[in-house]
Amino acid sequence: MTDIFISDLHLSDERPEIYRAFCRFLYELGEDVQHLYILGDLFEAWVGDDDKSELALKVVAQLRLLAQRRVRVFFQAGNRDFMLGKKFAKAADIELLPDYHLYEHGDRRILLMHGDLLCTDDVAYQRYRKRIQNPLVKGLAKALPLSTRNKIAGDLRDQSKDKKNKKSMEIMDVTQSSVASTMERFQVTTMIHGHTHRPDVHSFEHAGKEHKRYVLGDWHDSLWWIAIDTNGLTLNSAPITN
Ligand SMILES: [Mn+2]
């Protein structure tokens, strides 16, 4: 039996080829695939489950198809789609996971995260995240009309584009000490995350033990996924064609 992990598709109307690659990827999942874990930033932006855009409806339909094929889908929020909630989950027949999720496969225990919580050197971002993901703020935001939320999200994206250009590549890798302490807290030696768009497999020693950190890539020129079966974990990619 195989489980699959993906993240950072950043689906949007501007990049229809990514949506097509997603559909093809789902269609071609092997018969042996039991679970699909989406570790955040499935969407470039998600302003609330009342978003009935064509893309939103199409993704819901794709995910429902998986449920019919008896592939269970799990979703962990990213920094782009943390407003995705129970209504979407019900419509798409998927299960929502918390920011830290302990995944078990046989005797393996793997910590799953989107990854932004590990970027603790970015103090300004962590402060912003705390504020915007505060349940009270989220509750207030949900009460705004959809058109207002879309406008705010657009403005925020424009602002962060400006900032990103200035800050360029220093954004934003994980902080190694946060990785080590988080893994220690959850008593794991393996973790999988996305967010940083730096796909790789990192090995390091901590507390006398070998640790591994698997990083998923964003779907831009290539699609990225991690597969786990009885042979272990593999990080895979394939080019995205138009
Ligand atoms: Mn992200």
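The values are calculated or read from the model by the stated rules, or taken from the named source; none is laboratory data. None of these values were measured; they are calculated from a predicted model. Virtual Cβ from ideal backbone geometry, glycine too; neighbours counted across all protein chains shown. Side chains included, ligands, DNA and RNA excluded: accessible areas come from the protein's heavy atoms. Shrake-Rupley method; radii C 1.70, N 1.55, O 1.52, S 1.80 Å.
Taking region 48-110 and the strands (runs of 3 or more DSSP E) fully enclosed by it, the elements with 3 or more residues that are in contact (Cβ under 8 Å) with a residue 40 or more places away in the chain are at 101-105. Across region 17-39, which residue is farthest from A89 (Cα to Cα) among those that are open to solvent by less than 60 Å² (accessible area, probe 1.4 Å) and part of a helix (DSSP H, G or I)? The qualifying residue farthest from A89 (Cα to Cα) is E17.
Of all residues in region 16-26, those that are without any contact (Cβ under 8 Å) to a residue 60 or more places away in the chain and either among the aliphatic types (A, V, I, L, M) or within 16 Å of the ligand (Cβ to nearest atom) (or both) total 1.
Within region 114-133, identify whether any single residue is modelled with pLDDT of 90 or more, under 28 Å from G30 (Cα atoms), within 15 Å of the ligand (Cβ to nearest atom) and not hydroxyl-bearing (S, T, Y), and answer yes or no. Within region 114-133, one or more residues are modelled with pLDDT of 90 or more, under 28 Å from G30 (Cα atoms), within 15 Å of the ligand (Cβ to nearest atom) and not hydroxyl-bearing (S, T, Y).
For region 105-116, the criterion of a residue being out of contact with any Leu (no Cβ under 9 Å at 6 or more places or on another chain), among the small types (G, A, S) and open to solvent by 10 Å² or more (accessible area, probe 1.4 Å) is satisfied by at least one position. Out of the residues in region 1-14 that are assigned to a loop (DSSP other than H, G, I, E, B) and within 16 Å of the ligand (Cβ to nearest atom), which is nearest to H101 (Cα to Cα)? In this case the residue turns out to be S7. Which of the residues spanning region 116-137 are under 19 Å from the mean Cα position of the chain (by Cα) and part of a helix (DSSP H, G or I)? Listed by number, the residues that qualify are D116, L117, L118, Y125, Q126, Y128, R129, K130, I132.
Among the residues of region 27-48, those identified as touching a strand residue (DSSP E or B) at 6+ places or on another chain (Cβ under 8 Å) and either away from the ligand (no atom under 16 Å from the Cβ) or among the hydrophobic types (A, V, I, L, M, F, W, C) (or both) are L29, G30, D32, V33, Q34, H35, L36, I38, L39, L42, F43.
With respect to (1) within 16 Å of the ligand (Cβ to nearest atom); (2) on the phi < 0 side of the Ramachandran plot, the lone exception for L55 is condition (1).
Every condition in (1) within 16 Å of the ligand (Cβ to nearest atom); (2) outside any helix (DSSP H, G or I); (3) modelled with pLDDT of 95 or more holds for V188 except the one numbered (1). Considering region 62-80, and only residues there that are at pLDDT 95 or above and within 16 Å of the ligand (Cβ to nearest atom), the residue that is surrounded by the fewest Cβ atoms within 10 Å (Cβ to Cβ) turns out to be F75.
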